[in-house]
Structure formats: structure tokens, C-alpha cells
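First up is the structure itself, then whatever we jot down about it.
The values are calculated or read from the model by the stated rules, or taken from the named source; none is laboratory data. Since this is a predicted model, take the numbers as computed values, not measurements. A quick note on method: Cβ atoms are made from the backbone with ideal geometry, for glycine too, and the neighbour counts reach across all protein chains shown. The protein model used for the area step is the full one, side chains on, heavy atoms only, and it has no ligands, DNA or RNA in it. Shrake-Rupley method; radii C 1.70, N 1.55, O 1.52, S 1.80 Å.
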Amino acid sequence: MTTTAGALSHLKVLDLSRVLAGPWCTQILADLGADVVKVEKPGEGDDTRKWGPPFVKDAQGKDTEHASYYTAANRNKRSVTIDMAQPEGQALIRQMAAQADVLVENFKVGGLKKYGLDYASLKAINPRLIYCSVTGFGQDGPHAERAGYDLMIQATSGMMSITGRPDDVPGGGPQRVGVALTDIFTGVYASSAILAALETRHHTGSGQHIDMALLDVGMAILANQAASFLNAGIVPQRQGNSHPSLAPYQDFPTADGSMLLAIGNDGQFARFCAAAGHPEWAQDPRYASNTLRVQHREVLIPAMSEATRTRSTAEWIALLEDKAVPCGPINDIGQAFADEQVVARGLAIAQQREDGLAIRSVANPIRLGDYPVQLRHAPPTLGQHTDEVLAELGLDAARIAALKQGGVV
């Protein structure tokens with residue numbers, strides 16, 4: 001059975017977040033069918049609406065005033081403009097929260113209390129509300145009051161210390177990951193936490209507060225690198241594209257560029273060696289196991305590099321594809337979207353917006369057999385759904401007009 005209803009179509013989500021971590025979370029919920037209403041500041045909106053270049057292009061290929069950044073995390077949402085600094089704006093948001101299942105916000109710790117929009121205040125009017133706070137450093141601790149940004153967290157967590165080339169090689173030094181990784185992962189973790197809280201509510205009837213911190217997530221996604229330190233006392237170092245625990249597992253030069261080899265076991269290594277014309281490597285006692293290959297990588301990798309330079313990237317891929325040896329190109333993003341598998345999976349999608357702009361984005365990677373992701377709303381224009389949502393709250397046209405006249409919406 002496949003239905004056109006989203007898996008979360010029964011849920012109402014109030015989105016008070018901006019930029020990336022919170023909006024990424026709420027876009028996941030929206031893609032799964034939740035009715036997500038994004039509250040933005042009148043006349044300004046989410047900061048990322050202005051984070052350009054690059055900007056979305058019109059039908060003639062010219063830049064518009066709409067930053068492409070905003071489109072990455074605000075699909076399938078409805079936009080409402082409300083000035084929460086005004087008492088009437090606060091009252092509107094409280095009315096929306098009274099009907100919501102979930103609220104997501106990323107203000108500084110305690111920042112919403114003065115508006116009566118903190119968890120304690122809203123819990124009093126909606127005990128079933130699941131209230132997710134996203135901050136840089138969490139709700140407690142000596143740094144709780146600090147503003148948190150992805151770049152700062154990548155530096156603080158140690159992520160930059162393991163990203164990039166070693167100091168003693170050209171181009172060496174700490175590097176940030178090319179996307180706001182901790183923001184994105186915080187959004188993913190937050191959506192998981194919200195779903196867990198919803199499941200708990202089925203049994204208890206009560207909502208709860210969720211405390212999500214970029215720093216916590218930044219530390220968590222260190223994964224095996226953190227485990228190396230915690231369990232073996234080893235402080236991981238930058239080593240470019242090679243892997244601290246696997247070899248050969250990195251980029252290699254080819255006749256026309258570079259390729260990626262990700263050899264994870266002895267069988268794959270032996271098959272590579274045979275295909276490369278060097279079966280003796282697989283018999284060499286220095287390379288008999290992965291641990292030994294890691295210990296002798298300074299000898300193995302240069303020897304392999306000499307061999308990989310003898311064929312083009314495409315030739316290596318063709319040679320190794322039927323031998324179950326993980327090998328692939330190192331694409332730029334344009335090449336990645338042109339990849340036949342990416343095209344076959346439909347990973348680039350397009351939505352037409354009310355102002356005529358065609359907005360393209362990356363498909364949600366979740367594939368639910370019975371409740372697939374639905375494309376309902378393109379990333380909205382600022383305040384696109386204000387009248388619609390306020391009418392749903394019971395406000396008539398005269399009342400909405402008065403709120404607009406007073407700058408509340």
C-alpha cells in the first residue's frame with residue numbers, strides 16, 4: 001500500500017528557528033508530511049534569505065534577490081511574518097503554540113522568556129507540546145550563554161584538528177568541513193529526538209523539553225576518532241584523505257587526475273593487487289593484514305601510487321568494478337549531479353513557487369515505501385502564508401488588516 005498522505009501529516013509544527021540547524025530539523029519533519037509554519041520577522045525574515053551570492057536565477061538566467069542558501073532548508077513549509085517583540089505578536093504565537101504538537105526554536109538560552117514563549121510558559125497552555133531548543137552550547141554549563149556557530153563548533157570540538165593535511169606538507173593546517181556539518185547533524189539529531197518524544201507522548205500524554213546543543217553533536221560525530229582518544233589515549237591528527245585505521249583507503253593519482261580507493265578488507269586488497277598486475281603485494285608479509293598495511297603505509301602507498309598513474313580514472317573504475325573493489329571518481333558537485341546513479345535516483349528536484357521562480361533542491365534521502373516524502377510547498381516567499389494561517393486561527397479579514405496596519409504581521 002502506498003498513500004499520498006505524509007507519515008507525519010497529522011502533526012503541526014511551529015518553527016521559530018533561523019539559519020540552518022533548526023530549519024534543517026523542521027524541513028525533515030515537513031518533508032515527512034508535518035504542517036510546518038515558519039514564523040519570520042516582518043520585512044526581514046530568516047537571516048539566510050539575504051545570505052548571497054549565489055542567488056536564485058529567474059527564467060532569463062538573471063540573479064534575483066532571493067539567496068539560494070535559504071532554499072536548502074525551508075522546503076514544504078508555510079511562512080508567516082509576526083513581530084514577537086509586540087504583545088499582540090506574542091499572543092498570536094501563543095495561540096499557535098496552543099494548537100501545535102512541536103515547537104522548534106534556536107534563540108539564546110532564556111531568550112524567549114521575556115516574550116512568554118519559553119517552555120515553561122507554553123507548557124502551561126499546552127502540556128502536550130514538544131519543545132525543542134537548539135543552541136550552541138546547551139541549556140547549562142559555563143558556556144551556555146555563548147552564541148554558537150557551526151565554524152566555532154568545528155574548531156572547539158576538534159573537528160578542524162582532524163580535517164585537512166598535516167602541518168608539514170604543502171597546504172597543511174586545520175580546515176573546516178565544506179558544509180556546516182554540525183548544524184546539519186544537529187538538525188538530524190533534533191528530528192530524531194522529536195520523534196522519540198512523540199512516541200513517549202503516546203504513552204504518557206505529555207510533551208517535554210528537548211535540549212539540543214551544537215557542541216554536543218560536534219563531539220558525538222567525532223565517532224571513531226573520539227573513540228581512539230577515549231579508549232586508547234591517542235589524540236588523532238590530520239592526515240589528509242587517508243584513514244587512521246585502514247589502508248589503502250584514500251585518494252590516488254591516475255593518468256588524468258585522481259581516484260578514490262576504499263579498501264576495507266584483505267580480500268579486496270588481494271583482488272586489487274591482482275588486477276593492478278602486482279599480485280606479489282598481497283603475498284608480502286608486510287601487507288598481510290589491514291593492521292600491517294597501516295603500519296607500513298609509508299612504503300605501500302607510494303608503490304601503489306606509481307601503479308595507479310598508469311591508467312586513467314575511468315579505466316581503473318572499469319577494471320575494478322566487477323571485482324568488488326571500492327573505487328570511484330572524485331567529483332565536483334556539478335559532476336556529482338550528472339552522475340547516472342544520482343540522476344536515476346531523482347536526487348535533484350524542482351518546485352515552482354507562487355512568484356514564478358523555479359526552486360531546485362536535493363531530494364530528501366528518506367525512502368518510505370508506504371508513506372513517501374511529498375513535495376507540497378516550494379521554499380516560501382516571506383510571509384507568503386500569513387493571511388492563510390491567521391485565518392485558520394479564527395481571525396477575520398478586518399482583524400488581519402488591523403494587525404498589518406500595526407506592523408504586528
Please verify whether Leu129 is over 19 Å from the mean Cα position of the chain (by Cα) and crowded, with 21+ Cβ neighbours inside 10 Å, treating the condition exactly as stated. yes
For Asp58, state whether it is touching a strand residue (DSSP E or B) at 6+ places or on another chain (Cβ under 6 Å), surrounded by fewer than 16 Cβ atoms within 10 Å (Cβ to Cβ) and in contact (Cβ under 8 Å) with a residue 12 or more places away in the chain. yes
Can you pull out every residue in the stretch 306-361 that is within 30 Å of His66 (Cβ to Cβ), touching an Asp or Glu at 6+ places or on another chain (Cβ under 8 Å) and buried (at least 16 other Cβ atoms within 10 Å of the Cβ)? Leu357
Within the stretch 210-247, considering residues that are hydrophobic (A, V, I, L, M, F, W, C) and open to solvent by 80 Å² or more (accessible area, probe 1.4 Å), the one farthest from Ile162 (Cα to Cα): Leu230
Identity of the residue in the stretch 158-209, among the charged types (D, E, K, R) and surrounded by fewer than 14 Cβ atoms within 10 Å (Cβ to Cβ), that ends up farthest from Asp118 (Cα to Cα): Asp168
Of everything in the stretch 79-101, what is under 14 Å from Tyr115 (Cβ atoms) and in contact (Cβ under 8 Å) with a residue 40 or more places away in the chain? Give them in sequence order. Ile82, Asp83, Met84, Gln86, Glu88, Gly89, Leu92, Ile93, Gln95, Met96, Ala97
Give, as residue ranges, the helices (runs of 4 or more DSSP H) completely inside the stretch 44-163 that count at least 3 residues that are of a type in the set (Gly, Ala, Ser). 87-99, 119-125
Out of Gln154, Gln139, sole residue that is surrounded by fewer than 16 Cβ atoms within 10 Å (Cβ to Cβ) and at pLDDT 95 or above: Gln139
